[in-house]
Structure formats: structure tokens, C-alpha cells
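What follows is a short report on a single structure.
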Amino acid sequence: MDTGRAVIQDTEQRMKKTLEVVHQNFGGIRSGRANPAMLDAIRVDYYGTPTPVKQMANITVPEPKVLMVHPWDISAIKAIEKGILESDLGINPIVDGKVIRLVVPTLTRERREELVKIVNKVSEDGRVALRSIRREANEQVKALEKEKKITEDESFKFQSDIQKLTDKHIQLIDLAQGLKDKELTQV
């Protein structure tokens, strides 16, 4: 990276990836409603290879509290059932012929409060990662200034742009956190 523009572009890409990770982590947090993302973290032993369930089956939501897992290979149904049972989802799979039904239980108030704390931690981890990216980008800009590749004014402008990117992505995390909190606290 020889210019401040390249630093800004790299910073923006890294911040977008951090935001994606936060959204993925939110998707895995069960909210009392069926959501195919709940199964994203579950890996199943499929012919000796740990394989994500979403790569082995079609996952649908026929009702708000029901997930249907339709394995493409019927012989994998027992492995998928075992993987779901061993996961931390807390849902008992019901094998119904060629499909697996997952009925999402209603969350207790205590569990909702616990999940809100998890959402807060995921959000804060995302904000910390963004600040770390900002710090690294600012150090790169200062190094460019020190090497006389950019002027002091350009350095100031690039650092200002990096701060604006950071603020924008932190706002997006806050917005996503607010939506997830609302989803978790609705009864």
C-alpha cells in the first residue's frame, strides 16, 4: 500500500467483513422464531468430513416456530439428527420420514435476558474489532506521512476519513444490535 487511498479502501473492506461476522453471529442466536441461520454453526460427520448442515440439506420455515430440514441424501438423516442433538441449540429434532422437524420452543424470560447479554457481547466484540482496524489504519497513514509519501494535510484528511468509516460501521452494529434486542424481547 503506497497511498492513503489504498489504506482507506483496505480499511473499509476489513470493516465490512467485521460487520458481516457480527450479522452472522446474530443469525445464530435463537430468538424464539425459526430461522435457517440457527443451523449455520452445526457441522455433521458426513463420510468422515465435518460438513455444514446447510450444505447437506434444504432448510425451510413452513411455520414461524418450525424449521424443516430436507436432506438431499436420505442416508445422512441420522447424522444430521445426531449433530443437532449434540449442538447447543437446545432443540430436539423430530425425524418424520425423509425430513427433520425442529420445533423452536418459546423462550423463557431468563433465557431472553441471557441472549440479550450475548448480543451485547457480540456487538461489543464487533466495535472493538472496528476500533482495532481504525488504529492499524491510522498507524499506516502516519507511517506514510513519516516516509514523506503523503503530506501532513493528506494524513489529517485520511485519518478523518478513517474515523468517519469507523463511526458509520459502529452505527450499523448499534442498529443491528437494537433490532436483535427487540426481536429477543418481543414475546
Original post:
Given the structure, is V99 under 23 Å from T185 (Cα atoms), touching a strand residue (DSSP E or B) at 6+ places or on another chain (Cβ under 9 Å) and among the hydrophobic types (A, V, I, L, M, F, W, C)?
Top reply: no
Subject >> Filtered residues of segment 115-172 (kept if surrounded by 19 or more Cβ atoms within 10 Å (Cβ to Cβ) and either within 15 Å of the chain's Cα centre (by Cα) or outside the structural domain of K16 (by TED's automatic domain parsing) (or both)) >> reply: L115, V119, V122, S123, G126, A129, L130, H169
**OP:** Pick out the one residue from R131, R135, R101, R127 that is modelled with pLDDT of 90 or more and not in a helix (DSSP H, G or I).
**Re:** R101
Original post:
Just checking, how many residues over segment 83-114 are over 21 Å from the mean Cα position of the chain (by Cα) and basic (K, R)?
Top reply: 3
Subject >> Residue list for segment 73-83, filter: among the hydrophobic types (A, V, I, L, M, F, W, C) and surrounded by 16 or more Cβ atoms within 10 Å (Cβ to Cβ) >> reply: A76, I77, A79, I80
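This table checks each residue for (1) within 16 Å of the chain's Cα centre (by Cα); (2) within 24 Å of A176 (Cβ to Cβ); (3) outside any helix (DSSP H, G or I).
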| position | (1), (2), (3) |
| --- | --- |
| I29 | yes, yes, yes |
| K54 | yes, yes, no |
| P62 | no, no, yes |
| A76 | no, no, no |
Subject >> Subset of segment 78-98 (residues that are among the acidic types (D, E) and in a strand (DSSP E or B)) >> reply: D96
Subject >> segment 84-114 - residue that is in contact (Cβ under 8 Å) with a residue 24 or more places away in the chain and farther than 21 Å from F26 by Cα and, of those, surrounded by the most Cβ atoms within 10 Å (Cβ to Cβ) >> reply: I100
Original post:
Picking from V141, V116, which residue would you name as being farther than 28 Å from R43 by Cα and in contact with a helix residue (DSSP H, G or I) (Cβ under 7 Å, 6 or more places away or on another chain)?
Top reply: V141
Subject >> Checklist (1) in contact with a His (Cβ under 7 Å, 6 or more places away or on another chain); (2) among the aliphatic types (A, V, I, L, M); (3) over 30 Å from E139 (Cα atoms) applied to I84, failing item >> reply: (1)
Original post:
Say we look at segment 31-52 and pick out the residues that are over 15 Å from the mean Cα position of the chain (by Cα) and of a type in the set (D, E, K, R); which of these is nearest to T106 (Cα to Cα)?
Top reply: R33
**OP:** May I ask you to list pairs of residues, at least six apart or on different chains, whose Cβ atoms are under 7 Å apart, with the first in segment 57-75 being at pLDDT below 90 and the second being among the basic types (K, R) and loosely packed, with under 12 Cβ neighbours inside 10 Å?
**Re:** I74/K98
**OP:** State yes or no: is P50 surrounded by fewer than 17 Cβ atoms within 10 Å (Cβ to Cβ), out of contact with any Leu (no Cβ under 8 Å at 6 or more places or on another chain), at pLDDT below 85 and not assigned by TED's automatic domain parsing to the domain that holds E136?
**Re:** no
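The values are calculated or read from the model by the stated rules, or taken from the named source; none is laboratory data. Model, not experiment: these values are computed from the prediction. Because the Cβ atoms are built from the backbone with ideal geometry, glycine has one as well, and the counts that use them run over all protein chains shown.
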